[in-house]
Amino acid sequence: MKYVVRLLPIAYMAAIWIMSSLPSNHFVELPNSGLDRTIKESLHLIEFAILYVLLVLAFLTRGRPFTMGLNALCAIIAALYGLTDEIHQSFYAYRSASWFDLLKDVTGIAVCFYFIRGALFKGKFVRLGKVLGWVRKL
């Protein structure tokens with residue numbers, strides 16, 4: 001099970017790369033174009049936050065102490081992959097890349113960082129801490 005958890009960030013990064021290579025309406029397009037755009041733009045807030053969480057979970061399964069520095073490294077990797085994704089999208093005429101999108105990516109990562117830091121290092125968010133502790137025991 002721990003090897004599956006360790007492979008999840010890589011698989012997720014591949015999925016992001018593939019989806020960034022396709023038009024935004026390739027999988028789903030809602031009839032209301034304004035709503036469609038709003039939902040897809042808001043996904044930036046969670047897309048790279050999920051990557052950060054998957055990275056944390058993967059590192060937790062190593063059996064070594066998960067430090068604040070390692071936690072920060074996971075956030076930095078997720079943010080840099082967000083930057084890479086924006087650069088990647090800039091090469092496709094049917095995709096757009098912007099600093100604002102990157103800001104949304106980093107905002108989502110920062111929110112998750114707050115909760116995971118609180119759960120693992122500050123004694124807050126006890127239920128989340130229990131889940132993360134369970135992952136650590138895999």
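The values are calculated or read from the model by the stated rules, or taken from the named source; none is laboratory data. This is a predicted model, so every value here is computed, not measured. Neighbour counts run over all protein chains shown; Cβ positions are idealised from the backbone, glycine included.
A few points about this structure:
- Odd one out for F125 among (1) loosely packed, with under 13 Cβ neighbours inside 10 Å; (2) more than 24 Å from I18 (Cβ to Cβ): (1)
- Residue list for the range 38-58, filter: in a helix (DSSP H, G or I) and of a type in the set (A, V, I, L, M): I39, L45, I46, A49, I50, L51, V53, L54, L55, V56, L57, A58
- Contacts under 8 angstrom Cβ, first residue in the range 40-51 being in contact (Cβ under 8 Å) with a residue 24 or more places away in the chain and surrounded by 14 or more Cβ atoms within 10 Å (Cβ to Cβ), partner in a helix (DSSP H, G or I) and of a type in the set (S, T, Y), 6 or more apart: L45/T107; F48/Y81; I50/Y12; L51/Y12; L51/Y81
- Any hit, the range 55-64, residues being touching a residue at least 40 places away in the same chain (Cβ under 8 Å), touching a helix residue (DSSP H, G or I) at 6+ places or on another chain (Cβ under 7 Å) and surrounded by fewer than 18 Cβ atoms within 10 Å (Cβ to Cβ): no
- Flag for K137 being charged (D, E, K, R), at pLDDT below 95 and surrounded by fewer than 12 Cβ atoms within 10 Å (Cβ to Cβ): yes
- Summed over the range 65-89, residues that are surrounded by fewer than 16 Cβ atoms within 10 Å (Cβ to Cβ) and of a type in the set (G, A, S) total 2.
- Filtered by the rule that a residue be out of contact with any Gly (no Cβ under 6 Å at 6 or more places or on another chain) and either within 11 Å of Y52 (Cβ to Cβ) or among the aromatic types (F, W, Y) (or both), the range 81-106 gives Y81, G82, F91, Y92, Y94, W99, F100, V106.
- Members of the range 71-129 that are among the aromatic types (F, W, Y) and modelled with pLDDT of 95 or more: Y81, F113, Y114, F115, F121, F125
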